[in-house]
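Everything on this sheet refers to the single structure shown next.
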């Protein structure tokens with residue numbers, strides 16, 4: 001059954017590889033690229049939210065750090081894109097390591113507040129610095145190749161997804177994280193170090209987020225503090241994860257696709273009502289918490305492998 | 001007498017102005033079952049939490065195999081061979097019974113496949129195998145207490161702290177659990193057990209340590225301790241003339 005799930009994932013991935021061969025419309029390919037990006041941001045958010053129970057309201061910080069490090073290295077130091085984005089990911093990981101030590105000892109709501117505040121602090125810092133261009137943002141060298149960016153984004157997100165799938169659904173690491181999520185004291189008695197596990201999950205969530213931020217920066221060629229470090233990145237990832245089904249990896253992918261499709265359609269036809277979008281986003285999250293506690297995935301049969309609910 | 005496996009020396013634990021455990025000393029020898037008893041609030045669970053690493057002692061120390069383990073975190077002590085159960089059981093409710101045991105098995109069997117093999121042995125031993133794929137939340141109280149013991153056992157401990165594993169069970173289940181505990185002792189595991197049900201503690205303990213208001217008031221074989229006037233007083237109060 002597990003193997004069937006893996007082959008399912010591989011099949012979807014293979015189909016996604018073929019998209020540029022079928023879709024020649026540049027605008028549409030951009031839409032697909034952004035969809036893949038949001039899948040990545042939702043899945044990385046889910047590692048922490050779903051597997052450890054910690055909601056990271058500062059997820060945008062990792063995305064923004066990756067974007068800015070990549071931009072700074074490319075524009076100011078003349079680096080190539082790949083090493084710059086890799087360093088962007090490493091910087092995001094380092095950020096998680098440093099931020100994780102004090103914050104992951106906090107309980108749920110306090111962690112959410114602390115990470116949110118930290119992300120705001122970074123955004124303000126970037127606004128004030130010269131090297132980042134402050135409020136004016138940064139312009140990157142333009143590479144006009146929609147196909148290239150689609151594949152880079154899909155490559156990064158795909159590798160991330162399958163690495164997560166292996167680590168969280170196959171290797172002991174995922175079960176250990178779930179144990180910490182379910183009962184931290186109980187997990188400690190079994191020889192697990194909860195703080196260490198949570199920090200590992202935090203770094204695991206941050207590194208690909210940073211790389212995705214780097215790809216985003218090079219792809220859109222212009223970044224500013226609002227587009228990369230704003231609340232929307234974290235909020236939207238949260239909605240996608242909750243709506244799709246937390247702690248499942250597959251759920252966030254489904255959630256990301258559905259929410260992103262809605263967003264795209266909304267922008268295309270109702271962009272005059274911009275303010276409505278956030279209201280609807282808020283409504284969706286409130287409704288999913290009440291009506292779909294296990295997300296869209298929870299409505300489907302066979303949701304929790306191996307566990308029959310007799311309760 | 002062989003070397004003691006556990007030595008508690010002048011252990012004191014304060015919570016602000018409250019002294020939950022006060023200058024308590026006792027030893028546990030290999031293959032012994034030592035019962036820790038005392039009225040509610042006597043400090044039994046606090047003592048357990050200090051010995052298993054959840055609290056650092058305010059004063060005094062805890063030696064395990066002659067080494068000072070005071071203040072070491074629970075996950076380190078689990079690695080050293082100390083397993084414990086919780087009075088308020090701590091299953092991982094969203095996971096299956098099997099997964100619960102696998103997680104504990106990782107300590108000695110880091111590979112997933114090996115851990116799962118080991119988990120099945122523990123499930124057989126604790127008679128939970130037929131419920132392996134149920135969620136832990138769906139177990140009855142007896143089942144959850146059994147799972148609690150199973151998780152501690154999966155750590156392959158040399159020393160086991162059992163906190164009220166019998167309380168709340170019906171008589172058949174009680175006998176069942178007593179059998180299980182005696183089997184563990186026969187396998188060479190040393191046990192320190194907190195229990196309120198006297199019938200149980202008298203039957204299985206080699207020795208008793210009695211706490212009252214955080215202090216040790218008696219220690220010795222069950223029959224002697226039961227006759228100790230101080231113990232009788234602590235449980236039943238002083239007879240008024």
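Below is a table of values for the structure above.
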read-out: Residue B:80 versus residue B:127: modelled label distance in nm, points set 7 Å from Cα along the beta carbon direction; value: 3.5
read-out: Acute angle (nearest 10 degrees) that the helix B:112-125 long axis makes with the longest principal axis of chain B, alpha-carbon atoms; value: 60
read-out: Overall form of the stretch B:109-176 per C-alpha gyration tensor (a/c, 1.5; a/b vs b/c); value: oblate
read-out: Residue exposure sequence - B:126, A:115 - by fewest surrounding Cβ within 10 Å; value: B:126, A:115
read-out: Two-site FRET efficiency, residue B:114 against residue A:275, from Cβ-Cβ distance with R₀ of 41 Å, rounded to 0.05; value: 0.15
read-out: Peptide-level mean, for B:95-108, of C-beta atoms on other protein chains within 10 Å; value: 5
read-out: Average partner coverage of A:173-180, which counts Cβ from other chains inside 10 Å; value: 4
read-out: Gyration tensor (alpha-carbon) shape descriptor, the stretch A:98-180, a/c threshold 1.5; value: oblate
read-out: Values of log10 I(q)/I(0), in the order q = 0.11, 0.12, 0.17, 0.21 Å⁻¹, for the stretch A:171-311 under a Debye, Cα-only, solvent-free model; value: -0.56, -0.66, -1.16, -1.39
read-out: Pairs of alpha carbons in the protein assembly as shown whose separation is greater than 32 Å (percent); value: 53
read-out: Per-residue mean of C-beta atoms belonging to partner chains within 10 Å, peptide B:125-135; value: 2
read-out: Residues A:17, A:41 arranged by fewest to most Cβ contacts within 10 Å; value: A:17, A:41
read-out: Acute angle (nearest 10 degrees) that the helix B:141-154 long axis makes with the longest principal axis of chain B, alpha-carbon atoms; value: 80
read-out: CD proxy at 222 nm, helix term only [per DSSP H run n ≥ 4: -39500 (n - 2.57); per residue of chain A; nearest 500]; value: -25500 deg cm²/dmol
read-out: Residue list for the stretch A:7-43, given a label point 7 angstrom along the Cα-to-Cβ vector of residue A:148 and an amide N cut-off under 20 Å; value: A:17-37
read-out: Whole-Å distance, taken between Cα centres, linking the stretch A:70-130 and the stretch A:173-236; value: 12
read-out: Kirkwood hydrodynamic radius (C-alpha pairs) into Stokes-Einstein, chain A, 20 °C and 1.002 mPa s, D in µm²/s; value: 108
read-out: Which of A:233, A:289 has the fewest Cβ neighbours within 10 Å, and the rest in rising order; value: A:289, A:233
read-out: The stretch B:6-235 shape via C-alpha gyration tensor axes, a/c threshold 1.5; value: prolate
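Computed from the coordinates by the stated procedures, all read-outs in this text should not be read as laboratory data. Note that this is a predicted model, so its numbers are computed, not measured. Neighbour counts run over all protein chains shown; Cβ positions are idealised from the backbone, glycine included.
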